[in-house]
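Engineer: Following this message is one structure expressed as structure tokens.
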Amino acid sequence: MFNLFKKKSTPFNTGRLSPKNFSITLPFEYKAGLIFIDVEIQNRKYSFLFDTGAFSILSSVLIKRLSLEKMQENLDTVDAFSELKELPLYQLRELKIGDILFHDFQVASDDFSQNFPLSCLAFDGVLGYNFFRELIISIDYEGRTLRLSNKLSNTKEFTKIKLIQNSTQALEFFLQIEKQKVWMGLDTGSNGGLQFGDEELAQILHKKKYKSQRIIGLFSSSLSGANQQSFQDIFLLKDFSIAKQIVIDSFPISYEENSPNLAGNSFLEHFSTIIDFKHKKLYLKKRVENIRKVLENSFGFFMFWSERDGLYISAIMQDTPVYNSKLKIGDRLFSIGETETLNFTKEDYCRFSLLAQKVAYEKESSLELIVKRESKLLRISLTH
């Protein structure tokens, strides 16, 4: 007899786990503010981005190597810059993390591994929320470990927060900002903090005279590659809350027109975090009593690399030493302090900028740049 009420199979609910009861703790690598874990497919290890805000994706190179079966349907996706993409779907028979086996899940395919600057990170796939739907995942940013379980651990000192599922199947919680409920995607695939795209809220924050900074130029990237020339306003929020339960003293939030609302690792790392995907609950515990972060006190320039221009100034932040100097977007960098950058390769940029754990000159009180503009060399001295 047919079950007329059986739930329709979709890319989001296919697959099963074994064993039925499990709890494992595994280390992760924290690279460029992103979480990477080792997975095993067909007896080989691969590096995957742990991404609570995305559907699972494998590079097209890996799809070909594994000879995966292509599905008839495609998947519509939206990246961190609201770019729409239709991706082909494939059947992945088995993936292993520790002692947990993931059977018959679907994955999308994309050429993200070829997109610069994300290619600097050299990973093979994205482990996304369709793999997590039966899991309870604890993230220890300080200890660099993930705990995957099907049972909830002790949450006595944690605050429980309700999550909702948005139209793309990702989970969201809300921030209470100026009497407005702002739903934020729970996104470990973002190395940023808080971002939103609601112009009305941006106008309210301007009207309330929140302290802010504006960045103009090219300053961020996603799976699709670098963003286009644009601007970003960064507001310093004061005394707002997570779901009216956890009060944050101060924290920056970035506004880009029409961007999705996201909470990334630079925000989540201030908490011990447990995500119960099955029951749509988030458990948070502050790592320090008062979370009080201010706007960046930097020299105010951003760098990018291209085959044609080498290392160049890609964006400038207003009301900073660079903004008040003669430096311009597009200036080619010959040197930064004691570091010669004229002959920087793509690999040099990866090590120096994206993969660097810290930038040495950020804490300096003064910095000298030599740049080339057209046929002229300019020496620019910056001081805080």
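Engineer: When you go through (1) of a type in the set (Ser, Thr, Tyr); (2) out of contact with any Leu (no Cβ under 6 Å at 6 or more places or on another chain); (3) surrounded by fewer than 16 Cβ atoms within 10 Å (Cβ to Cβ) one by one for Ser138, which number turns out not to apply?
Structural biologist: (3)
Engineer: Out of all the residues in the range 45-71, which are aliphatic (A, V, I, L, M), outside any strand (DSSP E or B) and touching a strand residue (DSSP E or B) at 6+ places or on another chain (Cβ under 8 Å)?
Structural biologist: Those that are aliphatic (A, V, I, L, M), outside any strand (DSSP E or B) and touching a strand residue (DSSP E or B) at 6+ places or on another chain (Cβ under 8 Å): Ala54, Leu62, Ile63, Leu66, Leu68.
Engineer: Something else about it: Tell me whether the range 255-271 contains one or more residues that are touching a Lys or Arg at 6+ places or on another chain (Cβ under 8 Å), assigned by TED's automatic domain parsing to the domain that holds Glu199, at pLDDT 90 or above and in a strand (DSSP E or B).
Structural biologist: Within the range 255-271, one or more residues are touching a Lys or Arg at 6+ places or on another chain (Cβ under 8 Å), assigned by TED's automatic domain parsing to the domain that holds Glu199, at pLDDT 90 or above and in a strand (DSSP E or B).
Engineer: I need the full set of residues from the range 284-300 which are modelled with pLDDT of 90 or more, of a type in the set (A, V, I, L, M, F, W, C) and touching a strand residue (DSSP E or B) at 6+ places or on another chain (Cβ under 9 Å), in order please.
Structural biologist: Residues satisfying the conditions are Leu284, Ile291, Val294.
Engineer: Collect the residues in the range 321-344 that are assigned to a loop (DSSP other than H, G, I, E, B), free of Cβ contacts under 8 Å to residues at least 40 places away in the same chain and not hydrophobic (A, V, I, L, M, F, W, C), keeping them in residue-number order.
Structural biologist: Hits for the range 321-344 are Tyr323, Asn324, Gly337, Glu338, Thr341, Asn343.
Engineer: Check whether at least one residue in the range 308-317 is touching a residue at least 40 places away in the same chain (Cβ under 8 Å) and of a type in the set (Lys, Arg), and report yes or no.
Structural biologist: No.
Engineer: Then there's this: Within the range 82-97, identify whether any single residue is modelled with pLDDT under 95, in a loop (DSSP other than H, G, I, E, B) and touching a strand residue (DSSP E or B) at 6+ places or on another chain (Cβ under 7 Å), and answer yes or no.
Structural biologist: For the range 82-97, residues modelled with pLDDT under 95, in a loop (DSSP other than H, G, I, E, B) and touching a strand residue (DSSP E or B) at 6+ places or on another chain (Cβ under 7 Å): absent.
Engineer: For the range 113-127, name all the residues that are assigned to a helix (DSSP H, G or I) and over 16 Å from Leu62 (Cα atoms).
Structural biologist: Leu118, Cys120
Engineer: Another question about this same structure. Regarding Asn130, is this residue crowded, with 19+ Cβ neighbours inside 10 Å and outside any strand (DSSP E or B)?
Structural biologist: yes
Engineer: Check whether at least one residue in the range 54-61 is without any contact (Cβ under 8 Å) to a residue 24 or more places away in the chain, farther than 19 Å from Leu354 by Cα and either buried (at least 16 other Cβ atoms within 10 Å of the Cβ) or not assigned by TED's automatic domain parsing to the domain that holds Trp305 (or both), and report yes or no.
Structural biologist: There is no residue in the range 54-61 that is without any contact (Cβ under 8 Å) to a residue 24 or more places away in the chain, farther than 19 Å from Leu354 by Cα and either buried (at least 16 other Cβ atoms within 10 Å of the Cβ) or not assigned by TED's automatic domain parsing to the domain that holds Trp305 (or both).
Engineer: Still on this structure, please answer the following. Taking interchain pairs and intrachain pairs at least six residues apart, which have beta carbon atoms under 9 angstrom, with the first residue in the range 152-163 and free of Cβ contacts under 8 Å to residues at least 40 places away in the same chain and the second of a type in the set (Asp, Glu) and in a loop (DSSP other than H, G, I, E, B)?
Structural biologist: Listed by first residue and then by second, the contacts come to nothing, as the list is empty.
Engineer: Pick from Leu237, Leu175, Leu201, Leu163: which is at pLDDT 90 or above and buried (at least 21 other Cβ atoms within 10 Å of the Cβ)?
Structural biologist: Result of the check over Leu237, Leu175, Leu201, Leu163: Leu175.
The values are calculated or read from the model by the stated rules, or taken from the named source; none is laboratory data. Quick caveat: nothing in here was measured; it's all calculated off a predicted structure. Neighbour counts run over all protein chains shown; Cβ positions are idealised from the backbone, glycine included.
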